[in-house]
Amino acid sequence: MNSNAQPAAGEMPAVDRRAATEAAVAARRARAALKQRLRSGELSPLKALEFARVPGHAASTLRITDYLLSFPGIGAVKAERIRDDLKISERKRLGGLGDLQRARLEEFVRERSGALPTGDRPPLTVLAGPTAVGKGTVVQHLRDNYPNVKLSVSATTRDPRPGEVDGEHYFFVDQEGFDRMLAGDELLEWAMVHNKHRYGTPRGPIAEASERGDLVLLEIDLQGARQVRKSMPDAKLVFLAPPSWDELVNRLVGRGTEDDEERARRLETAKVELAAADEFDEIIVNDEVPRAAERLFELMRGEDHTA
Ligand code: 5GP
């Protein structure tokens, strides 16, 4: 239609209609970005409630259900029950809550998250390093001796090894399960490791633990560490290094189970991985496992003196 044409009685002029559509699209985009920040833990639920007081802010137009769904562990059924308990109707948006509704919602959020202000939360720590450097052993030592460190449990498409417990060492999922997590944007980072299996870090538990102020550790590969660096610039990246190149070669090829070609391939990969150490905030040399684990724990607690 020609935008200069006269609108019929009661109809909006075409120019205004287009502007209104564009504004609606922009508002939807802003809301989607906000939901994403809430889900990832980047924006705290209490902060979003504050923003909702600002007229025109995306948070003020967020529906109560979408807000509740952004909490880790709240699905559609729970969201409805909570909404009923709080006596807030489904149509309500955060900016349109009555004073009492708002107070009830705020109390619910405070109780649920025990949320620490962002500045008081310890940074998320990521441990990465070359193949065969002994990350698994250091993490096992932390698991056994430092119970207040929360280890992120990754999802993986590989099969469990003997002794591995689903939900404790990994969440073992099939390809479709992993695809679903990706489609739902449930992973903070993910990677195909050794060209074989997919591994990824579920966002929900990380956001929850971080709001509680827990010390959280991710033991992931280099590609994953780089993704975390981008999406969470405050995260602390720790590189576990071998005591020497020769030692790494020993650990890599010591078993003698690989043929020459495989050995050469692994050494090549290790060289590239070692070169990435510069990208990290801290380097820990894995000469003795208990020492390396203790140093890691100190770094996680923010004790940055050099040992
Ligand atoms: P494994 O199969 O031996 O348990 O782990 C193989 C590799 O996958 C290790 O280098 C480990 O750091 C990495 N890995 C485990 N979980 C994750 C994850 O959630 N994300 C990424 N990017 N790598 C992971």
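Each reported figure results from applying straightforward, stated rules to the coordinates on display, with no laboratory input. Computed from a prediction, not measured in an experiment: that's the story for all the values here. Note that we place each Cβ from the backbone using ideal geometry, even for glycine, and neighbour counts take in every protein chain shown.
For L188, what residues show an amide H to amide H distance below 5 Å, using hydrogens built from the backbone and excluding near sequence neighbours?
HN-HN under 5 Å from L188: T201, R203.
Can you work out the Karplus-derived ³J(HN,Hα) for every residue in region 174-180? Use 6.51 cos²θ - 1.76 cosθ + 1.60 with θ = phi - 60°, whole Hz, and x for glycine or proline.
My calculation for region 174-180 gives 8, 4, 5, x, 5, 4, 5 Hz in order.
Give a residue-ordered list of calculated ³J(HN,Hα) values for region 259-268 (Karplus: 6.51 cos²θ - 1.76 cosθ + 1.60, θ = phi - 60°; whole Hz; x for Gly, Pro).
After applying 6.51 cos²θ - 1.76 cosθ + 1.60, I find 7, 4, 5, 5, 4, 4, 5, 5, 5, 4 Hz.
For the pair D84 and E164, what calculated FRET efficiency results from E = 1/(1 + (r/R0)^6), where r is the Cβ-Cβ distance and R0 = 51 Å, to the nearest 0.05? Could the numbers behind the result be given before it?
Numbers: r = 41 Å, r/R0 = 0.80.
Calculated transfer efficiency: 0.80.
Calculate for the chain the 222 nm mean residue ellipticity that helices alone would give, adding -39,500 (n - 2.57) per DSSP H run of length 4 or more and normalising by residue count, nearest 500 deg cm²/dmol.
Per the formula, -14500 deg cm²/dmol.
Taking the inverse of the average 1/r across all pairs of different Cα atoms in region 172-263, what Kirkwood radius in Å do you get?
15.8 Å
Using label points projected 7 Å from each Cα along Cα→Cβ, tell me how many nm separate R53 and R110, to one decimal.
1.3 nm
Non-local amide H neighbours of K92 (under 5 Å, H modeled in plane, Pro and chain starts lacking H): which ones?
I64
Cα-Cα pairs above 21 Å in region 101-237: how many percent?
It works out to 46 percent of all Cα pairs.
V285's amide H: which non-local residues (gap 5+, or another chain) put their own amide H closer than 5 Å, with H modeled 1.01 Å from N in plane and none for Pro or chain starts?
Residues meeting the criterion, in which the H sits 1.01 Å from N, are A241.
Angle between the Cα long axis of helix 14-40 and the longest principal axis of the chain, 0 to 90 degrees, nearest 10?
40 degrees
So which lysines pass the test for K92, namely a Cα distance under 26 Å, with those fewer than 8 places away in the same chain ruled out?
Within the straight-line limit of under 26 Å, K92 reaches these lysines: K35, K47, K78.
Would you calculate the separation in nanometres between label points at D234 and Q175, each defined as 7 Å from the Cα along the Cα-to-beta-carbon direction?
Distance between label points: 3.9 nm.
Dividing the Cα radius of gyration by the Kirkwood radius, what Rg/Rh value follows for region 240-305? Could the numbers behind the result be given before it?
Working: Rg = 14.4 Å, Rh = 13.4 Å.
Radius of gyration over Kirkwood radius for region 240-305 works out to 1.07.
How much FRET efficiency would the formula 1/(1 + (r/R0)^6) give for E262 and R28, where r is the Cβ-Cβ distance and R0 is 45 Å, rounded to 0.05?
Efficiency at R0 = 45 Å is approximately 0.30.
Have a look at the chain and give its Rg and Dmax from the Cα atoms, expressed in angstrom.
Radius of gyration, then largest Cα-Cα span, for the chain: 24.4, 85 Å.
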